[in-house]
Amino acid sequence: MQNDPEPARAEFDAVLAAADYPVWVVTTAACGIRAGCLVGFGTQVSIDPPRFVVGLSENNHTFRVAADAEFLAVHLLTEDDGPTARLFATETGDTTDKFARCEWTEGPHGLPILSAAPYWFTGRILARYDFGDHVGVVLEPTAGHAAESASPALRTRAVADLPPGHEA
């Protein structure tokens, strides 16, 4: 007898909602184009050597720009960064220059680094894996910045009601 996938999905969704993961903004640049998006799927996947994976939706502008990129920047937002999260979650780079609407500087590897983010790192793209409607991008950290103190990390629950710039 097989398990009914609908109750399993509901329970799975409830477990993840309870986990309330931090959210990230991933930025990149390739072929003279900058891109960035809010990412709900990101985590460390190895201690030694250090590795991090981010999930990029195949439907979004950042995914298409990242296809030609060698590096990504990953920004950990804080509870104070709601406007930045809203910008990178609800707007699409297909029609909006998000970087004209926020403060940023050019960082390592020519990547846009968001001034609002107190924590960030850059990473060399080592591999890409098909995860369904997202592609997992494995990163090797190359540079970074960690604030001495900042507000707690912005969590999924705080951005769950934002309408996405693209469907997943």
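The values are calculated or read from the model by the stated rules, or taken from the named source; none is laboratory data. All figures in this text were calculated on a predicted structure; none of them were measured in a lab. Here the Cβ is made from the backbone with ideal geometry for all residues, glycine too, and neighbour counts use every protein chain on show. Note: areas computed on protein heavy atoms with side chains; ligands, DNA, RNA excluded. Shrake-Rupley method; radii C 1.70, N 1.55, O 1.52, S 1.80 Å.
Which residues, taken from segment 1-31, are of a type in the set (A, V, I, L, M) and either assigned to a strand (DSSP E or B) or open to solvent by less than 70 Å² (accessible area, probe 1.4 Å) (or both)? Give the derivation first.
Within segment 1-31, the subset of a type in the set (A, V, I, L, M) is 1, 8, 10, 14-19, 23, 25-26, 29-30.
Scanning segment 1-31 gives Ala8, Ala10, Ala14, Leu16, Ala17, Ala19, Val23, Val25, Val26, Ala29, Ala30.
Considering (1) of a type outside the set (S, T, N, Q); (2) open to solvent by 60 Å² or more (accessible area, probe 1.4 Å); (3) modelled with pLDDT of 95 or more; (4) out of contact with any Pro (no Cβ under 8 Å at 6 or more places or on another chain), say which one Arg34 fails and leave the rest.
Only one criterion in (1) of a type outside the set (S, T, N, Q); (2) open to solvent by 60 Å² or more (accessible area, probe 1.4 Å); (3) modelled with pLDDT of 95 or more; (4) out of contact with any Pro (no Cβ under 8 Å at 6 or more places or on another chain) is unmet by Arg34, namely (4).
Could you please find all residues in segment 38-70 being open to solvent by 70 Å² or more (accessible area, probe 1.4 Å) and among the hydrophobic types (A, V, I, L, M, F, W, C)?
Phe41, Val45, Ile47
Return the total of residues in segment 140-150 being surrounded by 12 or more Cβ atoms within 10 Å (Cβ to Cβ) and either modelled with pLDDT of 85 or more or not in a loop (DSSP other than H, G, I, E, B) (or both). Walk me through how you get there before you give the answer.
Going through segment 140-150, the residues surrounded by 12 or more Cβ atoms within 10 Å (Cβ to Cβ) turn out to be 140-145, 147, 150.
Applying the additional criterion that residues be either modelled with pLDDT of 85 or more or not in a loop (DSSP other than H, G, I, E, B) (or both) yields 140-145, 147.
Going through segment 140-150 one residue at a time, the tally reaches 7.
Scan segment 92-122 for residues that are among the hydroxyl-bearing types (Ser, Thr, Tyr), touching a Leu at 6+ places or on another chain (Cβ under 7 Å) and open to solvent by 30 Å² or more (accessible area, probe 1.4 Å) and report the count.
So in segment 92-122, the residues among the hydroxyl-bearing types (Ser, Thr, Tyr) come out as 92, 95-96, 105, 115, 119, 122.
Going one step further and asking which of them are touching a Leu at 6+ places or on another chain (Cβ under 7 Å), we end up with 119, 122.
Those left that are additionally open to solvent by 30 Å² or more (accessible area, probe 1.4 Å): 119.
Qualifying residue count, segment 92-122: 1.
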